[in-house]
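The values are calculated or read from the model by the stated rules, or taken from the named source; none is laboratory data. Predicted model only: the values in this text are computed from it and were never measured. Virtual Cβ from ideal backbone geometry, glycine too; neighbours counted across all protein chains shown. Just the protein is used for accessible areas: all its heavy atoms, side chains included, with ligands, DNA and RNA removed. Shrake-Rupley method; radii C 1.70, N 1.55, O 1.52, S 1.80 Å.
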Amino acid sequence: MSSTNKTEYLMLNQWLGSDRPQRIDFVDDNRIIDDAIKIHFSDTSKHLSNEQRDKLNQPYVMVSYSGSGESSKVIDLGIQPNFVIVFMKDAPPTEDDGSGNILLNQCFTAKSNGTSGGALISGSSLTVYYSQTAQNGVRYNLNKTNGQYCIVAFK
């Protein structure tokens, strides 16, 4: 026999001394509790997913690299970033090459699966560019031979 009384929210058995619990009462109560917990923990408006929790715990990664002098270099970031900042250490973001006509870009930002001209994000890879000749008055300088660079990649 089921209990005379039930709990307010989950309607679990709440036996009186005169009630005679049966095994099925316990089985039903366990199912009710398990279903309620499953619904609660599956509600992403109340609980973070593992991916969301990971972003909060480690919102960015930093990577450094040494330039090779090649026209492009691919760097694995280990994450799929939404936004990246790349810059040459100990150098201003831009500078005149001395001729007064060419701007040397040494700092770039790029959005997920996009480019800013000097860098391109594709999945977890970042491609940086180095050009020895200017195009439209700009030279990219993110892979200069022995240049030291830093990347901040935001999840």
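Across the Cα atoms of the chain, what radius of gyration and what greatest pairwise Cα-Cα distance (Dmax) are found, in Å?
29.7, 99
If the elastic network links every pair of Cα atoms under 10 Å, which of N105, N57, N82 fluctuates the most in the Gaussian network model of the chain?
N57
Where does helix 23-42 land angle-wise versus the long Cα axis of the chain, in degrees 0 to 90, nearest 10?
Rounded to the nearest ten degrees, it is 20.
Counting only C-alpha contacts under 8 Å and six or more residues apart, can you give the relative contact order of the chain as a whole percent?
25 percent.
To the nearest 20 debye, what is the magnitude of the charge dipole of the chain about its Cα centre, counting +1 on the Cβ of each Lys and Arg and -1 on the Cβ of each Asp and Glu?
Computed charge dipole of the chain: roughly 140 debye.
Mind checking the alpha-carbon convex hull of the range 1-83 and giving the volume per residue in Å³?
143 Å³
Taking the highest mean first, how do the peptides 7-13, 46-52 order by number of other beta carbon atoms within 10 angstrom per residue?
Going by the mean number of other Cβ atoms within 10 Å, highest first, we get 7-13, 46-52.
I'd like the carbon and sulfur percentage of the solvent accessible area for the chain, probe radius 1.4 Å, heavy atoms only, ligands and nucleic acids excluded.
Roughly 51 percent of what the probe reaches on the chain is carbon or sulfur.
Can you tell me the accessible area per residue over the chain, all protein chains present, probe 1.4 angstrom, in square angstrom?
Values: 10080 Å² over 155 residues.
Result: 65 Å² of accessible area for each residue.
Output wanted: per-residue J couplings in Hz (rounded whole) for the range 134-140, from phi through Karplus 6.51 cos²θ - 1.76 cosθ + 1.60, θ = phi - 60°, x for Gly and Pro.
7, 10, 6, x, 10, 10, 8
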